[in-house]
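Below is one structure, written out as structure tokens, with a few remarks after it.
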Amino acid sequence: MANRGQLQIWALPVRLCHWLFVIGFTLNYFILEAGRTAHEIVGYVLVALVLFRIVWGVVKPGHAHFGQFHLNYRAVREHLHHLRKRSIPRDSGHNPIGWLFVFATLALFLVLGITGFLLEEIDALFGNPTVELIHSLAGDTLMVLACIHIAAVLFTQWRGRIALISPMITGKR
């Protein structure tokens, strides 16, 4: 149970997925050589995490449930109002733009997994320039989104006067 005054924001599986996405993507983008066994294993683990996160987002209640996604004018306006007033509610999870990032990230990881599989496991597509280009663009796009995500988290944490980083570590705010 949470300490007095603390709210449970992110469940352990959501936090583990988040940080394993960070670690896995960092390994495959910066460290591991494409086409090598370690790169492939990390890629398959990332796809498994995406599938787990999709199931979790459908069946589990709370802030990580996909039913919490509301991208409409009212929701965006409300979030911007809270941001302007520097008063984002303590019990909030993802904002509407944050949810877009979640879905884009999951989709890009799936594109990376599928194209990586096609390049390595389907002989007719090994070295295919179109599949390689899609794989590369998906990875680069994910890197750009990750940088935007970090900047948005830091800005929102500062401007909205709300802890965003520590709840992704401890689960609580």
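Quick note: the coordinates plus some simple rules give every number you see, no bench work behind them. Keep in mind the model is a prediction, meaning the values are calculated, not measured. Glycine also receives a Cβ, built like all others from the backbone with ideal geometry; neighbour counts cover every protein chain displayed.
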Using DSSP to call loops (not H, G, I, E or B), can you name the chymotrypsin sites (Phe, Trp or Tyr not before Pro) in the range 85-173 whose Cβ has at most 15 other Cβ atoms within 10 angstrom? Phe126
From the helices alone, meaning DSSP H stretches of at least four residues, give me the mean residue ellipticity at 222 nm for the chain, per-run term -39500 (n - 2.57), in deg cm²/dmol to the nearest 500. -22500 deg cm²/dmol
Quick one: length gained pulling Glu121 to Ile97 fully straight, 0.36 nm per residue minus the C-alpha distance? 5.1 nm
Specify whether the C-alpha gyration tensor of the range 12-170 places it in the rounded, prolate or oblate class, a ≥ b ≥ c being the square roots of the eigenvalues: rounded for a/c under 1.5, otherwise prolate if a/b is larger than b/c and oblate if not. prolate
Fully extended contour minus Cα-Cα distance, from Ala104 to Ala75, at 0.36 nm per residue: 8.6 nm
1/(1 + (r/R0)^6) with r = Cβ-Cβ of Asn128 and Ile148, R0 = 35 Å, i.e. FRET efficiency to nearest 0.05, evaluates to 0.75
